[in-house]
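Q: Dropping a structure here in structure tokens format, bear with me for questions.
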Amino acid sequence: MAAREHPRRNAAIEARPLGYALGGEILGVDMRDPLDADTVAAIRRAWHAHHVIVLRDQNASPDDILRFARGFGDLDDHAQTPFYRKDGYPELLEITTKPKDGKPSETRNVGRNWHSDYAYTPRPAAASMLYCVEKPPIGGDTMFCNMARAYETLSDTMRGIVDGLHSVYDISLVAGFYERDPAEVAETKRLNPPIAHPAVKVHPESGTRALYVSERVAYFHGMTAAESRPLIDFLCEHATGPENVYRHVWRPGDLVCWDNRTTMHVALTDFDQNQPRHMLRATVVGEPSGFVVD
Ligand SMILES: O=C(O)CCC(=O)C(=O)O
Ligand SMILES: [Fe+2]
């Protein structure tokens, strides 16, 4: 391990807001330091308040990322999408534009429509932590929206309607899904049949109610696709309006952590995709949810 030039303590933790609707920067945390319970509690408080938290100027190895992430819960081994794991690190997804084994990266187009991670599984992600190793000189930004605020700003009547709905998530609605390797597409579809989750999620820790509808929802359970479509479109448009969004402009060494129960995100193609953009993601597993539909 490299010598530490400026060992720091994780004692004085502050968060400063990055956006009006969501987003906060955590100051005073070095991911290489061991995480104590007070630090975890302070970060959690900031995370519940801001929904997306950002740690800048980190110099974290894959092991540092995993140790930090484990402080916040059990990590997913990504068995639902087994092709994207970093070699030797099943708990890290490699999201990269860099060719692998002489072939285009299968993760070059991950996250291109608004979504919450692993909503198409019976154990949707509680949280995701994405670390930027390398980024293009311009762009490659990620946008986040606040789904608790999206829910709160609906009318009472519309809240009553969505409270009674289940969103049916379909992995084939992942943007660019069919541009991936056909064998992989078939296998990930087999592993992830369409699944219904409540259209409003109650956060298990904070009790916050948040809309749980995305561009990967095919229909509402018990309704036809034609009946569902205008409502899905309205809710997505309502949730992703500019005033409800934080846009993250990456720097290498950023760790961005989002709460998948209260946010959605989208990875933008606002960059030259021949340029390297290389990210590592750890995923904190959530509670089991939903039922597979026929
Ligand atoms: O690459 C990104 O900015 C985000 C991709 C994504 O959707 C994810 O890591 O969950
Ligand atoms: Fe994602």
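The values are calculated or read from the model by the stated rules, or taken from the named source; none is laboratory data. Since this is a predicted model, take the numbers as computed values, not measurements. Ideal geometry is used to build each Cβ from the backbone, glycine not excepted, and the neighbour counts take in all protein chains shown. Side chains included, ligands, DNA and RNA excluded: accessible areas come from the protein's heavy atoms. Shrake-Rupley method; radii C 1.70, N 1.55, O 1.52, S 1.80 Å.
Q: If you plug each phi of region 115-132 into the Karplus form 6.51 cos²θ - 1.76 cosθ + 1.60 with θ = phi - 60°, what whole-Hz ³J(HN,Hα) values come out, in order, with x for Gly and Pro?
A: Couplings: 7, 10, 5, 6, 5, 8, 10, x, 9, x, 5, 6, 8, 10, 10, 10, 10, 8 Hz.
Q: Can you work out the accessible area per residue across region 131-269, with the rest of the protein chains kept in place, probe 1.4 Å, in square angstrom?
A: 41 Å²
Q: Could you give the alpha-carbon Rg of region 155-243 over 2.2 N^0.38 Å, rounded to two decimals?
A: 1.21
Q: Pick from G140, G164, G253 the residue whose mean-square fluctuation is largest in a GNM of the chain, springs joining Cα atoms under 10 Å.
A: Maximum fluctuation in the GNM of the chain, among the listed residues, is at G164.
Q: Between A150, A79, A127, find the one with the highest GNM mean-square fluctuation for the chain; connect C-alpha pairs within less than 10 Å.
A: A79
Q: Can I ask one more? Quick query: amide H of K100 versus all other amide H atoms, modeled in the peptide plane; which residues come in under 5 Å with a sequence gap of 5 or more or a different chain?
A: Under 5 Å from the amide H of K100 lie the amide H atoms of S105, each far enough along the sequence or on another chain.
Q: Got the relative contact order for the chain handy, in percent, Cα pairs under 8 Å and 6 or more residues apart?
A: Relative contact order, the chain: 32 percent.
Q: Per-residue ellipticity at 222 nm for the chain, helices alone: DSSP H runs ≥ 4 residues times -39500 (n - 2.57), over residue total, nearest 500 deg cm²/dmol?
A: So the helix-based figure for the chain works out to -6500 deg cm²/dmol.
Q: So if we plug the beta-carbon distance of E243 and D63 into 1/(1 + (r/R0)^6) with R0 = 41 Å, what FRET efficiency do we get, rounded to 0.05?
A: 0.55
Q: Can you send over the carbon and sulfur percentage of the accessible area for region 1-125, probe radius 1.4 Å, protein chains only?
A: Percent of accessible area from carbon and sulfur atoms in region 1-125: 50.
Q: Please get the size of the charge dipole for region 15-292, origin at its Cα centre, with Cβ charges of +1 on Lys and Arg and -1 on Asp and Glu, quoted in debye to the nearest 20.
A: In total the dipole reaches around 140 debye.
Q: I've got another one for you. Taking amide H atoms as placed 1.01 Å from N in the peptide plane, list the residues 5 or more away in sequence, or in a different chain, whose amide H sits under 5 Å from that of Y219.
A: V168
Q: Show me, for region 174-184, the HN-Hα J-couplings you get by feeding each phi into the Karplus relation (A = 6.51, B = -1.76, C = 1.60, θ = phi - 60°), rounded to Hz, glycine and proline as x.
A: Couplings: 4, 4, x, 3, 7, 7, 7, 4, x, 5, 5 Hz.
Q: Mind listing the long-range amide H neighbours of S128? Cut-off is under 5 Å, sequence gap 5 or more, other chains count too, H placed in the peptide plane at 1.01 Å from N.
A: Amide H neighbours of S128: W258, N260, V284.
Q: Here's another thing I want to ask about it. In whole Å, what is the distance between the alpha-carbon centres of region 14-60 and region 209-239?
A: What the calculation gives is 32 Å, centre to centre.
Q: Please build a GNM for the chain, connecting alpha carbons under 10 Å apart, and tell me which residue among A210, A37, A282 fluctuates the most.
A: Looking only at A210, A37, A282, the largest GNM fluctuation is found for A37.
Q: Using the Karplus curve 6.51 cos²θ - 1.76 cosθ + 1.60 with θ = phi - 60°, work out ³J(HN,Hα) for each residue of region 258-269 in order, rounded to whole Hz, and write x for Gly and Pro.
A: With coefficients 6.51, -1.76 and 1.60, one gets 10, 8, 6, 7, 10, 9, 10, 8, 8, 9, 7, 9 Hz.
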